[in-house]
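The values are calculated or read from the model by the stated rules, or taken from the named source; none is laboratory data. Just so it is clear, the model here is predicted, and its values are computed rather than measured. Using ideal geometry, Cβ is built from the backbone for each residue, glycine included, and neighbour counts are taken over all protein chains shown. Remember, those area values only see protein heavy atoms, side chains included, never the ligands or the DNA or RNA. Shrake-Rupley method; radii C 1.70, N 1.55, O 1.52, S 1.80 Å.
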Amino acid sequence: MGYTWDIQIKIVKYTILMMILIAVAAAMSFQEPRPFIYALIFGTLISILNFRNLALTIEKAVTMNPGHAQVYASSKYFIRFFINAVVIFVCIKADYLNVLGAVLGLFTIKFVIIGTNLYDTLFIKRIFKRKEEE
């Protein structure tokens, strides 16, 4: 598939798990949670697609010469930025979608990436390591 396929699968699994946890919390917290949950799912799916697009962009850009790689990566960045803007615009216009849910869905994958990287650092692993393992 690609050099980054294993980590992509790991991040996507954690993102879907986090989305489900947020949806369950919203279902218990809101009187009418459907617009929030629909927007959360919509935003999360778009962020997963953007993440996959980013991975493909990086894998292709490293094989190009620096000038072409910079133009290619920049153009793909603006495409992803435009897609995020369209998602937020659609959620603002649609009555059946909550804007906060969509924005949270768009940021969910970023929270997962930061969380997994914080956990994978030596400092955090050392905190949760048992004394018997040393």
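Candidates in the stretch 18-35 are the residues that are among the small types (Gly, Ala, Ser) and open to solvent by 40 Å² or more (accessible area, probe 1.4 Å); of these, the one that is farthest from Ala102 (Cα to Cα) is Ser29. Among the numbered conditions (1) crowded, with 19+ Cβ neighbours inside 10 Å; (2) out of contact with any Ser or Thr (no Cβ under 6 Å at 6 or more places or on another chain), the only one that Thr44 does not meet is (2). Among the residues of the stretch 53-76, those identified as of a type in the set (Ser, Thr, Tyr), surrounded by fewer than 13 Cβ atoms within 10 Å (Cβ to Cβ) and more than 17 Å from Trp5 (Cβ to Cβ) are Ser74, Ser75. Scanning the stretch 77-110 for residues that are in a helix (DSSP H, G or I) and open to solvent by 100 Å² or more (accessible area, probe 1.4 Å) turns up Tyr77, Phe78, Phe81, Phe82, Phe89, Ile92, Lys93, Leu100.
On the basis of being at pLDDT 95 or above and closer than 26 Å to Tyr119 by Cα, does Leu56 make the cut? No: the conditions fail for Leu56. Consider Thr15 carefully, then state whether it is of a type in the set (S, T, N, Q), more than 20 Å from Thr116 (Cα to Cα) and buried (at least 17 other Cβ atoms within 10 Å of the Cβ). Here the answer is no, as Thr15 does not meet what is asked.
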